[in-house]
Every structure is written in C-alpha cells, then in structure tokens.
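The values are calculated or read from the model by the stated rules, or taken from the named source; none is laboratory data. Quick caveat, the model's predicted, so the values are computed rather than measured. Positions of Cβ are backbone-derived with ideal geometry, glycine not excepted, and every protein chain shown enters the neighbour counts. Surface accessibility is based on the protein's heavy atoms, side chains included, excluding ligands, DNA and RNA. Shrake-Rupley method; radii C 1.70, N 1.55, O 1.52, S 1.80 Å.
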Amino acid sequence: MKLYRYAGGMSTDDRPVPVWPRMGLRASSCIAAGLLALQSLTAGLFLAGVEAAFDVHRETATAAGIAIMVGIVFGVMSVRLRGESWKPVMWSVGLLALMSLQAFAGFRSLTALHVPLGVLTIFAGVMVTAVSWGSPFGRAEGRTSADGSGGRRSRRNK
C-alpha cells in the first residue's frame, strides 16, 4: 500500500501527498459504524433480560465515541495535509454531539428519547462512513474549470 502519492495532474507541485490520513479516517468511520450497529443488538439483549448486555452496551458506546474522535483527528489531518473538504469532519462532530445527547438520555433512563436517538445515531454513523469513502471528498481549493466558472454553470451561460 502506498503511503504517499504525487499531486501530478495540472498541478506544478511535485510534493508527495500523504494517503494515510484518508485511510485512517475511512478505517475509524467504518469501525465506529460497526460499533454503533452493535449497539442495537446489545440494547435488545439488555431489554430481553441479559444482565451482562448493559455493560457491553455502555462500553461499546464508549469505544464508538473514541473511534469518532480518532476519525475527527484524521479528518483534520486530511484537510491540512491533503487540502480536502471539511465535510467528513463536520459530519463526525455532529455525530459526536448526537452521541453525547443520546448518552445523556441513556444515563437519565429516558428510554423514549434514547431509543429514537439511537436509530438516528446509527444512520448518522453510516452517513459519516459514506461521506468519508467519497472518492475523493473534494478539494477545498483549486477547483477550476476551463471556462473559469469553478465548475458552476448558470442558466445564463447555457
């Protein structure tokens, strides 16, 4: 696996561009999505009366939160080192905030709020993974087209 690739293309910059921040973001978002999906299973086991499932549910949530935080760090590195979009970072921060709200509802035993937030959290985890696997998730700068419109076309130009 290559750790660096050269910018090449229309750029005159021949510095190597690191690939590892994107791979770290992708790996951490996949791990977090898997752990969040596991949350629904452990919640079902807990509600079915399996006592050990509560501890697994709590620890899995902690591990998913750590994976999201690691993903945020890799996302920021991807923006700073590769010039990529902030989109995966913003989705990850939003997911972390949603997970915090869900944890609050869970610790307060607000099941009517905790369960729907859990479904929303699993969906958001899948979306973070989808955004991080976008190919590539867009350059923050340097997007130009031949006509100078930056890739945007208005109705007047047609």
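Here are some notes:
- The range 29-49 and the range 94-130 have Cα centres lying 12 Å from one another.
- Accessible surface for residue 120 stands near 90 Å², nearest 10, in the context of the full protein assembly shown (1.4 Å probe).
- FRET efficiency estimate (nearest 0.05) - Cβ-Cβ, residue 109 to residue 86, R0 30 angstrom: 0.25
- Dimensionless Rg over Rh [the range 69-108; C-alpha; Kirkwood]: 1.16
- Normalised by residue number, the volume inside the convex hull of the Cα atoms of the range 18-99 is 66 Å³ per residue.
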